[in-house]
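For reference, the structure discussed in these notes is given below.
The values are calculated or read from the model by the stated rules, or taken from the named source; none is laboratory data. Model, not experiment: these values are computed from the prediction. In this analysis, Cβ positions are derived from the backbone assuming ideal geometry, glycine residues included, and neighbour counts consider all displayed protein chains. Quick note on the areas: whole protein, heavy atoms, side chains included, nothing else; ligands and nucleic acids left out. Shrake-Rupley method; radii C 1.70, N 1.55, O 1.52, S 1.80 Å.
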Amino acid sequence: MELELLDKAIRRVPDFPKPGILFYDITGILVNPEAFKICIDKMVDIYKDKQIDAVAGVESRGFIFAAPLAEKLGIPLVLIRKKGKLPGETYECSYSLEYGTATVEVHKSDVKPGQKFLVADDLIATGGTLAAAKNLIEQGGAEVTDFFGVVGLPFLNYEKILSPCRVTTLINYDSE
């Protein structure tokens, strides 16, 4: 029943951002307080007993899910931002996209050696952005143990690139 509510809240937008792509829009979850609460409550249930020292949220929709989780677990929220958005010293990692490259950064001061991280985003597709986030955290001497996405697209084989870390999603869509 709860997952049905989430599924109904996720809008499918064909041919966005380009022809042939089916975009899964999670903003329907955000405007539905019951659906959003389900997401956060499920995340808390999944991670409350795991040994996680910090939650990293990936810009920008990952922040929306990572922030309440970090607050409820009483652990730090670390932001993974696009290049040039953070004012302090940063670690950076560039990665490939279907349409070019991108670079993400994290504040060096936010990542402590030995910390165990969960990296959260709204949707996991190919896993490239999350793999780059993992690289940033490892540059600081910390470890990513888990990845979380509200939506997963396993047909894009993200587990291959994110292995051996645990990958958890609330809803999976098996084809475009």
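Filtering the stretch 41-59 to residues that are touching a helix residue (DSSP H, G or I) at 6+ places or on another chain (Cβ under 7 Å) and either assigned to a strand (DSSP E or B) or more than 29 Å from Lys83 (Cβ to Cβ) (or both) leaves Val44, Lys48, Val55, Ala56, Gly57, Val58.
Here is a yes/no grid of residues against (1) touching a Leu at 6+ places or on another chain (Cβ under 8 Å); (2) open to solvent by less than 80 Å² (accessible area, probe 1.4 Å); (3) free of Cβ contacts under 8 Å to residues at least 24 places away in the same chain; (4) under 21 Å from Gly141 (Cα atoms):
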{"position": "Asp25", "(1), (2), (3), (4)": "no, yes, yes, no"}
{"position": "Glu34", "(1), (2), (3), (4)": "yes, no, no, no"}
{"position": "Ser60", "(1), (2), (3), (4)": "no, yes, yes, no"}
{"position": "Phe65", "(1), (2), (3), (4)": "no, yes, no, no"}
{"position": "Pro76", "(1), (2), (3), (4)": "no, yes, no, yes"}
{"position": "Gly88", "(1), (2), (3), (4)": "no, yes, yes, yes"}
{"position": "Val106", "(1), (2), (3), (4)": "yes, yes, no, yes"}
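Within the stretch 74-105, the residues that satisfy the criterion of being among the hydrophobic types (A, V, I, L, M, F, W, C) and more than 29 Å from Leu6 (Cβ to Cβ) are Leu86, Cys93. Contact map, the stretch 6-20: residues that are under 12 Å from Ile171 (Cα atoms) paired with residues that are among the hydroxyl-bearing types (Ser, Thr, Tyr), Cβ distance under 6 Å, separation 6+ or inter-chain. Pairs shown: Ile10/Tyr24.
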